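Undergrad: Here it is: the structure, laid out below.
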Amino acid sequence: MKKLGLLLLAIAFLASFSIAKDKAAGPKATTVSGWITDENCAAKKDADLSNADCAKKCAEKGAKLVVVSDKDHAVLNVDNQDALKGHEGHHVKVSGKLDNGTLHVDKVDMLKNQKSKG
């Protein structure tokens, strides 16, 4: 019985290290190239991501601005929306911290190519 108790204690001890390690990792610094658009246009497969007027109108109606990555067309939600204001429809490089699929934008840089492929 003592061996079983020690075994369970050892497993609990190791599990606590694993959980602590995951929590300590926190947000991951990242840089993404892509398009700033609204969540409605981002959901459409063949949307013109460079359509700034559409993105602005949708944002004014309450749609959130998102980043659609060039690499895999992943849609990244952004927690600090004000960082993207004025960049609707722009092709940009965004730097920030990614935490559970949500990006906190620290910096937005315009890219030369402003024509959407989508």
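Undergrad: If I ask for residues that are open to solvent by 80 Å² or more (accessible area, probe 1.4 Å) and either part of a strand (DSSP E or B) or in contact with a helix residue (DSSP H, G or I) (Cβ under 6 Å, 6 or more places away or on another chain) (or both), which ones from segment 101-112 would you list? Full working, then the answer.
TA: Let us first name the residues in segment 101-112 that are open to solvent by 80 Å² or more (accessible area, probe 1.4 Å), namely 106-107, 110, 112.
Passing the criteria: D106, K107, M110.
Undergrad: Can you list the strands (runs of 3 or more DSSP E) lying wholly within segment 1-100 that have 2 or more residues being basic (K, R) and either at pLDDT 90 or above or more than 30 Å from K112 (Cβ to Cβ) (or both)?
TA: Working: elements: 28-38, 65-69, 75-78, 91-99.
Because the criterion is at least 2 residues that are basic (K, R) and either at pLDDT 90 or above or more than 30 Å from K112 (Cβ to Cβ) (or both), the strands (runs of 3 or more DSSP E) in segment 1-100 that meet it are 91-99.
Undergrad: Condition first: crowded, with 19+ Cβ neighbours inside 10 Å, touching a Cys at 6+ places or on another chain (Cβ under 9 Å) and within 16 Å of D109 (Cα to Cα). Can you find one or more residues in segment 38-53 that meet it?
TA: No, there is no match, as no residue in segment 38-53 is crowded, with 19+ Cβ neighbours inside 10 Å, touching a Cys at 6+ places or on another chain (Cβ under 9 Å) and within 16 Å of D109 (Cα to Cα).
Undergrad: Among the residues of segment 37-59, which ones are touching a residue at least 60 places away in the same chain (Cβ under 8 Å) and within 17 Å of the chain's Cα centre (by Cα)?
TA: L49, the sole residue that qualifies.
Undergrad: Can I ask one more? Just to be sure I understand, how many residues within segment 68-100 are open to solvent by 40 Å² or more (accessible area, probe 1.4 Å) and of a type in the set (G, A, S)?
TA: Here the count works out to 1.
Undergrad: Looking at segment 96-107, is at least one residue more than 9 Å from the chain's Cα centre (by Cα) and within 10 Å of G34 (Cα to Cα)?
TA: no
The values are calculated or read from the model by the stated rules, or taken from the named source; none is laboratory data. Given the structure is predicted, the values throughout are model-derived calculations rather than measurements. All Cβ positions, glycine included, derive from the backbone under ideal geometry; neighbour counts span all protein chains shown. What goes into the accessible areas is simple: the full protein's heavy atoms, side chains included, and nothing from ligands, DNA or RNA. Shrake-Rupley method; radii C 1.70, N 1.55, O 1.52, S 1.80 Å.
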